[in-house]
1. Return a yes/no flag: does the stretch 97-105 have any residue that is of a type in the set (S, T, N, Q) and within 25 Å of Ile20 (Cα to Cα).
2. Across the stretch 29-60, what is the number of residues that are in contact with a helix residue (DSSP H, G or I) (Cβ under 8 Å, 6 or more places away or on another chain), in a helix (DSSP H, G or I) and either of a type in the set (Gly, Ala, Ser) or at pLDDT below 95 (or both)?
3. Output the residue which, of all residues in the stretch 26-55 that are of a type in the set (D, E, K, R) and open to solvent by 50 Å² or more (accessible area, probe 1.4 Å), is farthest from Val90 (Cα to Cα).
4. Taking Ile58 as the residue in question, decide whether it is of a type in the set (A, V, I, L, M, F, W, C) and surrounded by 14 or more Cβ atoms within 10 Å (Cβ to Cβ).
5. Name every residue in the stretch 14-35 that is β-branched (Val, Ile, Thr) and over 11 Å from Ile153 (Cα atoms), in order of residue number.
6. Being buried (at least 24 other Cβ atoms within 10 Å of the Cβ) and touching a Phe, Trp or Tyr at 6+ places or on another chain (Cβ under 6 Å) is the filter here, so list the residues in the stretch 126-150 that pass it.
Amino acid sequence: MTEVKETNYDLLQKQVASLIEDESNLIAILSNVSALLNDSLDQINWVGFYLIENNELILGPFQGHPACVHIAIGKGVCGTAVETNESQLVEDVNAFPGHIACDANSKSEVVVPIHKGNQVIGVLDIDAPIINRFSNTDKVALEEIVSIIEQQIA
């Protein structure tokens, strides 16, 4: 099994905060955060954002192969995260009911809802080419990164 390098999330969170501290444009923020996460996280094959528009998720800034553009709320891992307003940690995407396979190489996934005020406006989505890539530690740390984004766009 491929070993996953431990991520220094404290440092990564500080880098995110510093990178976006003077920016108010959501697309610019999400673009830079997706690039930073892509450079910083080991054993991932896609990282990006989907934003809610016309009651569906629309592809936003990302790093990786081309992706699904439209995802219905309540469908797949991303749509489930929006519908339940809860982060999703999926050890094996092939075991997730209704998983949307945008990239057949993705084996595990973590998705964190993004809020503006009390409303979900999108999600952070990260895929990995190995099963069981993401731990609860990853999920909690990524929720904190999303919290930093939320504070910036409030």
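The values are calculated or read from the model by the stated rules, or taken from the named source; none is laboratory data. Owing to the predicted nature of the structure, the values given are computational and were not obtained by experimental measurement. When we count neighbours, we look across all protein chains shown, and the Cβ atoms used for this are built from the backbone with ideal geometry, even at glycine. All accessible areas refer to the heavy atoms of the entire protein, side chains included, with ligands and DNA or RNA removed. Shrake-Rupley method; radii C 1.70, N 1.55, O 1.52, S 1.80 Å.
1. So the first thing to find is which residues in the stretch 97-105 are of a type in the set (S, T, N, Q), and the list is 105.
Remaining after also requiring within 25 Å of Ile20 (Cα to Cα): none.
Within the stretch 97-105, not a single residue is of a type in the set (S, T, N, Q) and within 25 Å of Ile20 (Cα to Cα).
2. The qualifying residues number 1.
3. Going through the stretch 26-55, the residues of a type in the set (D, E, K, R) turn out to be 39, 42, 53.
In the following step, the residues that additionally are open to solvent by 50 Å² or more (accessible area, probe 1.4 Å) were identified as 39, 53.
Working: Asp39: 22, Glu53: 25 Å.
The selected residue is Glu53.
4. Working: of a type in the set (A, V, I, L, M, F, W, C): yes; surrounded by 14 or more Cβ atoms within 10 Å (Cβ to Cβ): yes.
Against the criterion (of a type in the set (A, V, I, L, M, F, W, C) and surrounded by 14 or more Cβ atoms within 10 Å (Cβ to Cβ)), Ile58 qualifies.
5. Narrowing the stretch 14-35 to residues β-branched (Val, Ile, Thr): 16, 20, 27, 29, 33.
Passing the criteria: Val16, Val33.
6. Hit for the stretch 126-150 is Asp127, nothing else.
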